[in-house]
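Asks: Take this structure, written in structure tokens, and hold onto it; I'll ask about it next.
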Amino acid sequence: MNTAHDSLSLEELRFYADRHSIPVEDVVFIALNFFGLNWDVEFNRMRTALRLSEDSRFSEARALDEWNYYLALPVRPDSPFRLENGDLLLGSDLVGRTFGATEDYCDSHYQRRMGTCLNINPNTRTSCRGCDFCYTAYQVPLDRQKMTTPDEIRGFFTNWVSEQRVPDLSHLQQISIVTGCYGSEAHLVNFLLSLRDEASKLGFDGRIFYLGSALSDPVAIKRLGESGPFGYCISLECFDRRTILHRTKAALSLEAIKETMSTSMDAGMEVNYTYIVGLEPIEEFIPRMEEFTACTNKFPTVNLLQLHQQHDAGLRDPSAGTLDYYLSARRAIENIYRDTELRPKAWEDYRSLWFLRFGGEAVEGPRFPDRESISELQGLSVGA
């Protein structure tokens, strides 16, 4: 299947689902992330709440009573999916109804897991450049609120608590740091320790989660592990095509990364890594994933490669130009983790390979970022 496929329909996606023994809903969402969305706007990336159509082919959504989703997609005029007057369409088929569709800005902070997790970009994420596949450089930068000192961290949390009309941070299960550009590991560690200290003063006792690759010193890792619940997700992205990464990431060898991850597990941390499916052939990355199971205790954050209008089509591996590639990759990754307790979580990733089912198991966790964005969808019926 080519990326431009005007004749694609829900019925054709159902054939894919049957061939790979996965829910058609999962195929729809994988296809949306693969193709992007045709929408007559000037910007190149969008986000939206979605109420799935009550089409009879969406039997898994009906069985699980899971109709509400959140998407962040490339805007591409060559996509067979299109957005018209709020309706998400595939050919003549109604996939669902969108609510609050807008440009996907790069925000300084945002919520996940129905407001029980808070992600912050304390270091202007849009200022980072270097990884060829990254899209944040093309986003409108609403992340200019830098947090460096304890006073700045305290001020941010005080304002956020007031804006959210909550008494404190005790309802948060996780605070996630999802940006780099710290300049040095020492600055990063000091920030993370200050973050824990200031958040604790407001009742937070959950996990601090850091996504990046700047943490490697065993002494620093031990300090962070002893400070409280901590998660470290190394932004690995790919195993062998390291030249497409920012130079600081590309300089890290796989052996050094595995050593850091093992050290982090020994320090009591929850440890995993990010990987982008679509950059490398399945037969090359699956053995690498098998190697990395020895130094992870959390399911990896597996993202589907999204190509935006500014991206070079050559970023996508030649083998990854069909839906079959992603559905086969999904099954191969499931085989690695089938006999473990590690599973993907619905709230962590909007461009995953798993939405409703992992093998025969339901994917658990709230699919919505916050309570406000789901309010318009509750109780609605979107006809087929």
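The values are calculated or read from the model by the stated rules, or taken from the named source; none is laboratory data. Fair warning: this is a prediction, and the values are worked out from it, not measured in the lab. Backbone-built Cβ (ideal geometry, glycine too); neighbour counts: all protein chains shown. In case anyone asks, the SASA skips ligands and DNA or RNA and just uses the protein heavy atoms, side chains included. Shrake-Rupley method; radii C 1.70, N 1.55, O 1.52, S 1.80 Å.
Asks: Round to the nearest 10 and give me the degree value, 0 to 90, for the angle of helix 150-164's Cα axis relative to the longest principal axis of the chain.
Replies: 40
Asks: Further question: Using a probe radius of 1.4 Å on heavy atoms only, what accessible surface per residue do you get for the chain? Whole Å² is fine. Please list the in-between numbers first.
Replies: Working: 15870 Å² over 384 residues.
Accessible area per residue: 41 Å².
Asks: May I pose another question? Expressed as a fraction of 2.2 N^0.38 Å, the rule-of-thumb size for a compact globular protein of N residues, what is the C-alpha radius of gyration of the chain?
Replies: Normalised Rg, Cα atoms only: 0.97.
Asks: Between A72 and H187, with labels modelled 7 Å along Cα→Cβ, what's the label distance in nm to one decimal, could you check?
Replies: Label at A72, label at H187, 2.3 nm between them.
Asks: Further question on the same structure: What is the percent carbon and sulfur in the accessible area of the chain, measuring with a 1.4 Å probe over the protein chains and ignoring ligands? Can you show the working numbers first?
Replies: Values: 7410 of 15870 Å².
For the chain, the apolar C and S fraction of the accessible surface comes to 47 percent.
Asks: So what does the Cα-only Debye profile of region 145-246 read at q = 0.12, 0.16, 0.17, 0.21 Å⁻¹, as log10 I(q)/I(0), no solvent term?
Replies: Ignoring solvent entirely, the Cα scatterers give -0.44, -0.73, -0.81, -1.14.
Asks: Once you have the Cα-Cα distance between D197 and D324, take 0.36 nm times their residue separation minus that, and quote the gain in nm to one decimal.
Replies: 41.0 nm
Asks: So, one more: If DNA, RNA and ligands are ignored and the probe is 1.4 Å, what is the ranking of E372, E60 by accessible area, most exposed first?
Replies: The residues order as E372, E60, largest area first.
Asks: Considering only C-alpha atoms, what is the centroid distance from region 229-291 to region 54-117, in Å?
Replies: Here the answer is 30 Å between Cα centres.
Asks: Once the dipole of the chain is set up with Lys and Arg at +1 and Asp and Glu at -1 on Cβ about the Cα centre, which of G96, F58, Y70 lies farthest towards its positive end?
Replies: Y70
Asks: How large is the dipole of the chain about the Cα centre if only Lys and Arg carry +1 and Asp and Glu carry -1, each at its Cβ, rounded to the nearest 20 debye?
Replies: 660
Asks: Extent of region 239-319 along each principal axis, from alpha carbon coordinates, in Å, largest to smallest?
Replies: Principal-axis extents of the Cα atoms in region 239-319, largest first: 42, 25, 19 Å.
Asks: Something else about it: Hull surface divided by four, with the convex hull built on the Cα atoms of region 3-60: how many nm²?
Replies: 4.8
Asks: Same structure again: Working with all protein chains in place, sort D266, D197 by solvent-accessible area computed with a 1.4 Å probe, largest first.
Replies: Per-residue accessible area, sorted high to low, gives D266, D197.
Asks: May I pose another question? Between rounded, prolate and oblate, where does region 43-121 land on the alpha carbon gyration tensor, with a ≥ b ≥ c its root eigenvalues, rounded for a/c under 1.5, else prolate if a/b exceeds b/c?
Replies: Oblate shape, in that a/c is at least 1.5 and b/c is the bigger or equal ratio.
Asks: I want to check a number: in the chain, how many lysine pairs have alpha carbons closer than 19 Å, given a sequence separation of 8 or more or different chains?
Replies: Counting lysine pairs in the chain gives 5.
Asks: Oh, and also: Using only Cα atoms, tell me the angle between helix 24-35 and the longest principal axis of the chain; keep it within 0 to 90° and round to the nearest 10.
Replies: Between the helix axis and the principal axis of the chain, the angle is about 70 degrees.
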